[in-house]
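Report on the structure given below.
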């Protein structure tokens with residue numbers, strides 16, 4: 001008697017665990033011109049970097065919310081399905097409403113995962129802005145701090161030149177990062193590599209993020 | 001007669017990063033009972049392969065002493081001795097951490113224990129991984145499912161403060177013909193994540209193999225290790241993986 005290992009069949013219906021990330025991008029009028037062009041190229045670099053990793057491409061889910069006005073440019077989609085569409089800049093900076101939208105989307109997405117028996121990693125929100133909120137942002141900031149405190153989300157903010165870093169530091173418990181020039185491509189490659197690490201992690205893993213020194217400063 | 005095979009194999013992600021295999025397992029087969037222990041050292045813990053090995057060795061020897069001394073046992077004592085084996089494993093890790101002057105979390109590990117007799121199956125389970133059994137009537141069931149936190153990379157290890165409340169101990173008063181203990185590296189291949197039920201075609205070749213006649217357990221364990229390291233398996237999982245299969249044949 002022996003065991004025929006070639007007869008062992010795998011459950012191919014099991015979904016990959018998901019690693020959701022909402023990009024919260026300021027597309028207000030002041031981002032017009034070179035900044036929005038660089039941002040769009042950054043998104044291309046982001047997508048290319050994610051699909052270079054077999055697991056990340058199936059596990060990282062991207063959603064994009066732009067503000068100026070608040071708009072869901074892209075609902076959650078796995079990296080392998082994502083095609084960056086060029087963003088245009090216009091309007092003011094309703095950052096508070098945009099943050100609330102991102103947090104609502106994450107809550108909804110978690111419900112979808114639970115209903116479908118999909119396991120998931122802690123969601124990320126990655127916000128990029130070159131200004132200051134033009135709407136009420138205090139309530140959104142409270143929600144961010146609470147969600148961070150309960151480990152419901154990891155919230156990162158990046159200020160492009162001209163951003164009000166003081167307000168950004170009041171929104172999340174994590175210090176805002178300052179983008180060096182318009183190094184969006186480097187920033188998004190860093191983000192991709194960080195999300196790739198998360199998407200490969202197994203129980204008990206603590207994720208140590210690489211230094212953002214290539215593109216930003218604290 | 002009982003027979004058992006088992007293997008723990010390093011995942012491709014550990015091969016890439018130069019980490020050791022942080023899974024560990026061992027088992028004891030006697031005419032009257034089988035005890036299996038398997039542990040998955042946490043990737044975040046600096047020397048979790050030590051934690052996994054100390055947990056398995058300690059739990060196994062503690063359980064064997066208890067089973068030898070107390071058999072046959074009333075239901076309550078089964079649950080108690082399995083809990084005590086986890087306690088002994090935790091104490092041993094604690095002791096090792098103190099002796100080596102490292103933080104106990106550096107030895108972070110999960111632990112699964114299964115005691116199989118002719119009329120009982122007792123399982124203690126802390127962390128992820130799964131224990132699956134086939135009973136006399138042919139049904140294949142998940143006895144203990146992975147215990148994860150909200151997130152896919154969260155688990156309560158034996159080294160956590162609240163390990164006792166996270167420990168699940170279950171007992172089936174039934175004759176398990178075959179039992180499989182697996183760590184989380186094999187979870188997605190063998191357990192349906194939506195229902196928690198075993199994927200029967202994964203287990204069938206193993207369960208048939210160990211219940212339908214005598215096998216050479218040493219060479220079959222080597223073949224199992226080769227299978228776990230095969231491209232077919234590694235395309236689906238990059239983590240360390242352990243599988244122990246126990247069966248009773250007439």
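Miscellaneous remarks
- Distance from region B:171-195 to region B:92-160 (C-alpha centre basis), Å: 12 Å
- Put in line by how crowded their Cβ is, counting other Cβ atoms within 10 Å and starting with the fewest, B:224, A:182 read A:182, B:224.
- Take every pair of alpha-carbon atoms less than 8 Å apart whose residues are at least six positions apart; their mean separation over the length of region A:1-84 yields a relative contact order of 34 percent.
- Those residues of region B:124-140 whose amide nitrogen sits under 18 Å from the label point placed on residue B:174, 7 Å along Cα→Cβ: B:124-125, B:130-140
- Once C-alpha pairs closer than 8 Å and six or more residues apart are averaged by separation and normalised to the residue number of chain A, the relative contact order reads 24 percent.
- When restricted to Cα atoms, region A:1-130 yields an Rg and a Dmax of 18.3, 74 Å, respectively.
- Across region A:117-218, Cα-Cα pairs farther apart than 15 Å form 65% of the total.
- At 1.306 mPa s and 10 °C, Stokes D of region B:1-70 from Kirkwood alpha-carbon radius, µm² per second: 119 µm²/s
- Its residues counted as N, the protein assembly as shown yields a C-alpha radius of gyration over 2.2 N^0.38 Å of 1.11.
- Equivalent-ellipsoid semi-axes for region B:55-118 (Cα gyration tensor, √(5λ), whole Å, largest first): 26, 10, 9.
- Neighbouring Cβ atoms from other chains, within 10 Å of the Cβ of residues in A:195-201, number 3 on average.
- Inter-label distance for residue A:175 and residue B:230, nm, one decimal - labels placed 7 Å from Cα along Cα-to-Cβ: 5.2 nm
- Once the convex hull of all Cα atoms in region B:1-137 is built, its volume per residue stands at 114 Å³.
- Mean per-residue shielding of peptide B:185-191 is 4, counting Cβ atoms of other chains within 10 Å of each Cβ.
- Percentage, to the nearest whole number, of Cα pairs in region B:129-250 over 22 Å apart: 40 percent
- Calculated [θ] (222 nm, deg cm²/dmol) that DSSP helices of n ≥ 4 give over chain A, each run adding -39,500 (n - 2.57): -12000 deg cm²/dmol
- All Cα-Cα separations within region B:167-211 were binned at 5 Å from zero, giving a P(r) of 5, 16, 24, 25, 23, 7, 0, each value a whole percent of the pairs.
- Peptide-level mean, for B:148-159, of C-beta atoms on other protein chains within 10 Å: 6
- Region B:2-248 - convex hull of alpha carbons, volume per residue in Å³: 120 Å³
- Region B:2-248: relative contact order in percent, alpha carbon pairs under 8 Å with at least 6 residues between: 27 percent
- If you bin all the Cα-Cα distances of chain A at 10 Å, starting from zero, the percentages per bin are 8, 34, 37, 13, 4, 2, 1, 0.
Bear in mind these aren't lab numbers, they're just calculated from the coordinates by the rules spelled out. Remember, predicted model here, so these are calculated numbers, not experimental data. Glycine also receives a Cβ, built like all others from the backbone with ideal geometry; neighbour counts cover every protein chain displayed.
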